[in-house]
Amino acid sequence: MTQGLLFALLSLLLYGVWGFSYKLLSLKGIQGEWAVSLVMLLGAVLSAMIALARAEPFPFDRIGGGWLALGLVAVSGAVGNIFLIKAMSAPGLSSGVSLAVSGAYPLVAALLSYLFLGEQLTGVQVIGIAAIVSGLGLLLLN
């Protein structure tokens, strides 16, 4: 098993726990903007503590032209998480389906990278995109 695959599988596990935990928060009545604010704040503190413990230097020299990208990440992540929590607590769609739909975000990232960054999609990646779209269609059939 490669190190990248190991990290991806650990990420999969932790994102599953993350989604389940958001559902637990919604069952306790902690939803929407406040839940995301608390989660992101605690996540930022934890991430900074890990970076400090590893003595990882802050990348001041690389951030110069990256403020727009940092802002885009922050806004899309925060608002996307707010919408996810609202989807998980809304009637008519199970939490698992809500997470699966939102978890298909690599599809959007791949298409945006193709359109705006000139990245190429291989035949296998196009088949993967078609599989994601088909899987989402099957999940949403009732």
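Here, each number is a calculation from the coordinates, and none is a lab measurement. Please read these numbers as outputs of a predicted model, since none were measured by experiment. Cβ placement follows ideal geometry from the backbone for every residue including glycine, while neighbour counts extend to all protein chains displayed.
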Toward the positive end of the charge dipole of the chain, about the Cα centre and with charges on Cβ (Lys, Arg +1; Asp, Glu -1), which of Met40, Gly64, Val97 goes farthest?
-> Val97
Spelling it out for Ile30: with amide H atoms placed in the peptide plane at 1.01 Å from N, the residues 5 or more places away or on another chain with amide H under 5 Å from its amide H are none
Please report, to two decimal places, log10 I(q)/I(0) for the chain at q = 0.20 Å⁻¹ as given by the Debye formula with identical point scatterers on the Cα atoms and no solvent.
-> -1.46
Which helices, taking whole DSSP H runs in the chain, have alpha carbons extending 27 angstrom or more along the helix axis plus mean Kyte-Doolittle at least 0.0?
-> 3-27, 32-53, 67-89
